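Novice: I'd like to ask you about the structure that follows.
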């Protein structure tokens with residue numbers, strides 16, 4: 001199954017569970033916040049849906065378009081997650097130059113956003129920390 005179909009299926013299931021008050025946190029509490037439900041869905045998608053080689057090429061175009069655009073209003077968590085997934089893919093392939101390039105572009109986007117008073121959410125900081133933990137070799 002393609003990443004898009006997989007992610008749509010999982011997000012649909014999560015949102016349906018949320019609407020029916022069946023979506024629960026790890027502490028077994030019912031989720032009542034839609035944003036929290038979406039974050040849970042994104043996490044499940046990240047853990048369960050994998051990209052094909054062609055999808056990685058499409059993802060790279062999409063991520064580069066996002067990272068080279070001007071920030072406006074807010075930073076989408078989904079775009080940061082996609083950037084992290086692409087960096088992790090190149091890291092596994094030992095393409096450290098592309099990893100570093102994407103990381104620099106992402107940080108440039110974040111700094112540009114902060115400079116125009118766009119707030120960075122805790123979830124975005126978590127994704128940035130996960131990227132920072134990867135050890136890019138010197139080249």
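Novice: Looking at 73, 58, 82, 88 in this structure, which one is part of a helix (DSSP H, G or I) and over 12 Å from the mean Cα position of the chain (by Cα)?
Specialist: 58
Novice: Right, residue 63: surrounded by 11 or more Cβ atoms within 10 Å (Cβ to Cβ), assigned to a helix (DSSP H, G or I), touching a helix residue (DSSP H, G or I) at 6+ places or on another chain (Cβ under 6 Å) and in the same structural domain as residue 98 (by TED's automatic domain parsing) or not? Walk me through how you get there before you give the answer.
Specialist: Values: surrounded by 11 or more Cβ atoms within 10 Å (Cβ to Cβ): yes; assigned to a helix (DSSP H, G or I): yes; touching a helix residue (DSSP H, G or I) at 6+ places or on another chain (Cβ under 6 Å): yes; in the same structural domain as residue 98 (by TED's automatic domain parsing): yes.
Yes: the conditions hold for residue 63.
Novice: Would you point out the residue of the range 102-113, among those that are without any contact (Cβ under 8 Å) to a residue 40 or more places away in the chain and out of contact with any helix residue (DSSP H, G or I) (no Cβ under 9 Å at 6 or more places or on another chain), that is nearest to residue 57 (Cα to Cα)?
Specialist: 104
Novice: Can I ask one more? In the list 110, 131, which residue meets the criterion of being surrounded by 14 or more Cβ atoms within 10 Å (Cβ to Cβ) and either under 21 Å from residue 35 (Cβ atoms) or in contact with a strand residue (DSSP E or B) (Cβ under 8 Å, 6 or more places away or on another chain) (or both)? Break it down stepwise before answering.
Specialist: Numbers: 131 fails: either under 21 Å from residue 35 (Cβ atoms) or in contact with a strand residue (DSSP E or B) (Cβ under 8 Å, 6 or more places away or on another chain) (or both).
Exactly one of 110, 131 is surrounded by 14 or more Cβ atoms within 10 Å (Cβ to Cβ) and either under 21 Å from residue 35 (Cβ atoms) or in contact with a strand residue (DSSP E or B) (Cβ under 8 Å, 6 or more places away or on another chain) (or both), namely 110.
The values are calculated or read from the model by the stated rules, or taken from the named source; none is laboratory data. Owing to the predicted nature of the structure, the values given are computational and were not obtained by experimental measurement. Every residue, glycine among them, receives a Cβ derived from its backbone with ideal geometry; neighbour counts consider all protein chains shown.
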